[in-house]
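Everything on this sheet refers to the single structure shown next.
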Number of protein chains: 2
Amino acid sequence: MGMLGKMDRIDRKLLNLMQRDASRTNVDLADEVGLSPSSCLRRTQRLQKSGVIDRIVAILNPAKAGRVIKALVAVELKLHGEQHMRRFLDIAITEEAVSHAYAVTGETDVVLMLRLRDMEEFDSLCERLFRDQTNVARFFTMMIIRTAKEETAIRL
Amino acid sequence: MGMLGKMDRIDRKLLNLMQRDASRTNVDLADEVGLSPSSCLRRTQRLQKSGVIDRIVAILNPAKAGRVIKALVAVELKLHGEQHMRRFLDIAITEEAVSHAYAVTGETDVVLMLRLRDMEEFDSLCERLFRDQTNVARFFTMMIIRTAKEETAIRL
DNA sequence: CAGAATGGTGCAATTTTATTGCAACGGCGC
DNA sequence: GCGCCGTTGCAATAAAATTGCACCATTCTG
């Protein structure tokens, strides 16, 4: 799995740069890491084919694209079997407002991250996910007051 | 803030496509949304300048880049004032293993998302963040067993 | 140790893409 | 109707990506 061993300092530098800004041209990146454009390009292409770089995506400004309200919900299931867990997660991940869904250890069984347009969407979501027939014993809602850090990049 | 009103169907289509794969060429995108390359390019440039597109980044495969272990930690502070909250968050966000940090409502005050190389890193992190002098009353660790969904894209 | 094999590099030629000027088109208010 | 504004497509230009090639360093092998 880990391909860190096959990577040198320049690969790591490239990955760090591209995690910050992947819109830079190959020529630009090559200049910064001190390689020729062709050589730099071969590295980035190799990093993509090997899967170290999963994909290149556009990150939107949530405030300018709607869905401003964020919340975390810790869910405790009634039935704790593997199949019950999977069933609940399958339902949860189909919801557009659910951006993250994790099975976790501890007091609760599942943690969901929500991105909501408004509280009405929260209300209707709760009705769909946390009703009697969905195997939910209890759930604890944590509205996110402030986002101090939200970092998808992996430091290398 | 919300600039959704000024966007038409093609803008939304472009944003959805670019959130999935921003490595596609402008020519390719133009073809898919049914515009000429020049016109399509002007749209994507406008979306970037207006800030709807915050940035273009490379997403790495965590398993192939280290930091395989993920955990959520709910933290309850001793002192709940605004300045105490800020002080704790300021310390937390400087930690590389802390990928997300939120101030939240509910039983606890702060939720952290951790990305760890190994449990030793978790141990040392706890010593730095959750000691007496860091204003932490209690903390609840939830190791992430399974990631059912992890979506940064915003559906439009 | 010599020679081959492997992998990475820079250069230069070629192909592809991005960028820009320009005229035309459509909606809208006056 | 007429002009205004923003958007479009086309074509020319500039920039970037891609590829073939020869060269160099390291490692493997006999």
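Structural remarks
- Ratio Rg/Rh [Cα only; Rh per Kirkwood] for segment A:1-126: 1.14
- Pairs beyond 24 Å (Cα-Cα), from A:Lys70/B:Lys149; A:Lys49/B:Lys64; A:Lys149/B:Lys6; A:Lys13/B:Lys64; A:Lys13/A:Lys70: A:Lys149/B:Lys6; A:Lys13/A:Lys70
- Taking the Cα centre of the protein assembly as shown as reference, the dipole from Cβ charges on Lys and Arg (+1) and Asp and Glu (-1) amounts to some 1020 debye.
- Rounded to the nearest 10 Å², the accessible area of B:Lys13 at probe 1.4 Å: 70 Å²
- Using heavy atoms of the protein chains and a probe of 1.4 Å, the accessible area assigned to A:Asp118 is about 70 Å².
- The mean count of C-beta atoms from other chains within 10 Å of the C-beta of residues in A:80-87, rounded to a whole number, is 1.
- Per-selection Kirkwood Rh - segment B:67-130 (Cα, Å, 1 d.p.): 12.0 Å
- Take the Cα of A:Glu107, step 7 Å toward its Cβ, do the same at B:Ala153, and the gap between the two points is 3.5 nm.
- Residue ranking by accessible heavy-atom surface, 1.4 Å probe, largest first, among B:Arg115, B:Arg146, B:Arg128 comes out as B:Arg128, B:Arg146, B:Arg115.
- The charge dipole of chain A, taken about the Cα centre with unit charges on the Cβ atoms of Lys, Arg (+1) and Asp, Glu (-1), comes to about 720 debye, rounded to the nearest 20.
- Signed unit charges on C-beta, dipole axis of segment A:62-143, positive-most listed residue A:Val136, A:Pro62, A:His100: A:Pro62
- Under a 5 Å amide H cut-off, with hydrogens placed 1.01 Å from N, A:Ile145 pairs with B:Ala103, B:Val104, B:Thr105 among residues at least 5 apart or on other chains.
- Hull shadow area, averaged, the protein assembly as shown [alpha-carbon convex hull, nm²]: 18.1 nm²
- The share of Cα pairs per 5 Å bin across segment B:113-156, counted from zero up to the longest distance, runs 5, 15, 22, 19, 14, 11, 8, 5, 1, 0 percent.
- What the Cα atoms of segment B:7-49 give is an Rg and a Dmax of 9.0, 23 Å.
- Taken residue by residue and averaged, Cβ atoms of other chains lying within 10 Å of the Cβ of B:140-147 number 6.
- In this view, the solvent-accessible surface of A:Thr25, computed with a 1.4 Å probe and all protein chains in place, comes to about 80 Å².
The values are calculated or read from the model by the stated rules, or taken from the named source; none is laboratory data. A quick note: this is a predicted structure, and the numbers were derived from the prediction, not measured. Neighbour counts are summed over all protein chains in view; Cβ atoms, including those assigned to glycine, are modelled from backbone coordinates with ideal geometry. Heavy atoms of the whole protein, side chains included, go into the accessibility calculation; ligands, DNA and RNA do not. Shrake-Rupley method; radii C 1.70, N 1.55, O 1.52, S 1.80 Å.
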